[in-house]
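Read the figures in this text as sums done on the coordinates, not as results from a lab. Only a predicted model underlies this, so the values are computations on that prediction, with no experimental measurement involved. Here Cβ is always computed from backbone atoms with ideal geometry, including for glycine, and neighbour counts include all displayed protein chains.
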């Protein structure tokens, strides 16, 4: 005989689990991004909560205002490219053009390859700093240049590795370059003493940074002053990209972002204020030429 | 005060839900309440996080034990040992001992960290590639030797796990494209969930399906808890101490943290029990307790680098850190240190809550008692398919996961006679292991 009480309990339990599964998954569909009423979507292919997501939230979405539609979060840049090629929706976003346009090991086109025609403008500059743990004895610019076998932790991903290695080794040929896949790994490595220095974008209150690739950051010594690398005074540059938008509309939006108070405020909050690179004032064609040449220079280093 | 209570309730509730549902880990759970967190003060955010992470561990092991649903990769030992115990009518014992072990380890971790504050610098030495690679090598070698298969078969499984994890485009290794066959969906690699379901859960189901039978589950009682606690404190002291220490120390390893602590403690216990010839093939309670003990200890210690050095070492603590940045604050070391007491209280409270509400939830599961195992596993399998699809669909990858699952399922069925734990360990530990080995070369 069927135990009705038991049956009802079981159905309730299964229903509860299914409801939780669906609601959590659907809620998770757009977990941190509320939809707007406009028609311009913002792309996100990196991890939610990461730097690009924070910039979307703090800068892009507020500045899009009523034009903002929704955040298109797609796992991985290759699938995002698929989406972008096939959608007829307006999409605007930040793209890590430097690292995603590196050919694969066997020389094929990167699956995340972004066409130049979709680049609107340089978004901002990403300077690199040389830093050590605050108060670390004997550490500093002189040791960075002359110290025998100093260990320097870097972001070891793709094109950034070649760039870092060139700048560092042309300042100190005896340095050991130690690659890490993320800041969650290289920051602890510096703290623990596994590496003596970091060559990275981050600056924290427990670190002392003394050199920068950005000539505008006058509080630091520029790398070009002690490294013979051709790229010692060059940053990397994420770009704004647009799909299904007129270049006029997209450029206007990029300019609005560049002249906003939100963009400098974002860097201020992250503890790493920086000026806009002078290249954002170039014409679009000049910016594209600059990016292309600079990117080719990096590829040659790899 | 009101916001702290709300933070505690939110964190604990999310811990329950994320513990039960696979794919909904601590990281994703925080994303669920992301907009809410942006309006909270930092103290409440930390309080919510620690409650969530702590309660999550209790419920993940219950789901793995009863349903063979792996809430996350830290639930693998609970699935292996706990579910075997459940199949053999010892589900209540598995759940009670795991919960008490988790609670004891939580308290141990609190005491350990509190009294080791002056020695914190030594703990930071754990942020070291050499130690990490050493620990990971030990974990892999031990699971290959002691998984119960022939060593060459376990090695093969481990290798396959690594190969599956290698699929994708690897920027870190100079643009290495491995086995993507030009399919864009594979460039970001293969998700853990379809691999775990098809190659770990399905073999467990297939074996049980062949055996048939009915579910026998009596639930848990307060007297049962007390009795289990007594037994553990008299007969499992060594296991508890060993696993708590392993859990607390391995919790410091960046990138893996309590994921590694669980595996190391489980493998250590497995090795010791097999060497002594006292390992119970039908579900070993000591191995289960070791794993569950260590992950709770690891949850707490993984917070320590953020609190005392301002460095998040897990994806979820990094997300919490980023939420603080979102709010416009610059999180300094001094700021995090000021939150130490509140984190400690939150962890202690949520551990007590986890222990008791896990018991209540478990008793609700008594409705399954007497159910035919074939019906039970069919239902769970359908549920897993839904979960596998919906959790990936959030980033438009639902069908990708289903196709991968369909491709791997026949293999899962074919290898049902073996313990496929080495394969899953190979898959889960691959990234950090390979990166560690790759980085080691740079030092010499």
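For a label point 7 Å from the Cα of residue B:374 along Cα→C-beta, name the residues of segment B:192-211 whose backbone N is under 14 Å from it.
Once the point is set 7 Å along Cα→Cβ of residue B:374, B:206-211 turn out to lie under 14 Å by backbone N, inside segment B:192-211.
With a ≥ b ≥ c taken as the square roots of the eigenvalues of the C-alpha gyration tensor of segment A:129-225, please select rounded if a/c is under 1.5 and otherwise prolate if a/b is larger than b/c or oblate if it is not?
rounded
Run through the DSSP bridge list for the protein assembly as shown and note the antiparallel percent, rounded to the nearest 5.
Antiparallel: roughly 55 percent of the beta bridges in the protein assembly as shown.
Any idea what the relative contact order of chain B is, in percent, if you count C-alpha pairs under 8 Å spaced at least 6 apart?
The normalised contact order for chain B reaches 28 percent.
Take B:306, A:80 and order them by how many other Cβ atoms sit within 10 Å, fewest up front.
Going from least to most buried by this count: B:306, A:80.
Given the options B:296, B:401, B:372, which has the most mean-square fluctuation in a GNM of chain B, springs set between C-alpha atoms less than 10 angstrom apart?
B:372
If one takes the longest principal axis of the Cα atoms in chain A, at what angle in degrees, from 0 to 90 and to the nearest 10, does the Cα axis of helix A:77-86 lie?
The angle comes out near 60 degrees.
Measure nothing but the geometry: give the 0 to 90° angle between the long axis through the Cα atoms of A:183-192 and the longest principal axis through the Cα atoms of chain A, rounded to 10°.
Around 50 degrees separate the two axes.
For labels at residue B:399 and residue A:219 in the simple 7 Å Cα→Cβ model, what's the distance in nm?
Going from the residue B:399 label point to the residue A:219 one covers 5.1 nm.
For a label point 7 angstrom out from the Cα of residue A:174 toward its Cβ, which stretches of segment B:421-444 have the backbone nitrogen within less than 16 Å?
So the set is B:444.
Please find the FRET efficiency linking residue B:121 to residue B:241, where r is the Cβ-Cβ separation and R0 is fixed at 25 Å, and quote it to the nearest 0.05.
That gives a FRET efficiency of 0.55.
Who wins for biggest fluctuation among A:119, A:150, A:94 in a Gaussian network model of chain A, springs between alpha carbons below 10 Å?
A:150
Per residue of A:106-113, count partner chain C-beta atoms within 10 Å of its C-beta, then hand back the mean as an integer.
Mean shielding count: 3.
Along Cα→Cβ, 7 Å out, is where each label goes; now give me the distance between the ones at residue B:356 and residue B:327 in nm to one decimal.
Simple spin-label model gives 2.8 nm for this pair.
For B:20, A:168, B:30, which order do you get if you count the other beta carbons within 10 Å of each Cβ and list the fewest first?
B:20, A:168, B:30
Only counting other Cβ atoms within 10 Å, I'd like B:336, B:47, B:108, B:178 sorted with the fewest neighbours first.
Fewest-to-most ranking of B:336, B:47, B:108, B:178: B:178, B:108, B:336, B:47.
Just check segment B:7-127 against the gyration tensor rule for me: Cα atoms, a ≥ b ≥ c as the square roots of the eigenvalues, rounded for a/c under 1.5, and otherwise prolate or oblate depending on whether a/b exceeds b/c.
The shape class here is oblate.
When only C-alpha pairs under 8 Å and at least 6 residues apart count, what is the relative contact order of chain A, in percent?
21
How shielded is A:175-182 by partner chains, expressed as the average number of their Cβ atoms within 10 Å of its Cβ atoms?
Mean inter-chain Cβ contacts per residue within 10 Å come to 5.
Which whole-number percent is the relative contact order of segment A:129-225 (Cα, under 8 Å, 6+ apart)?
Answer for segment A:129-225 is 41 percent.
Can you give me the distance in nm between label points at residue B:130 and residue B:211, each placed 7 Å from the Cα along the Cα-to-Cβ direction?
4.6
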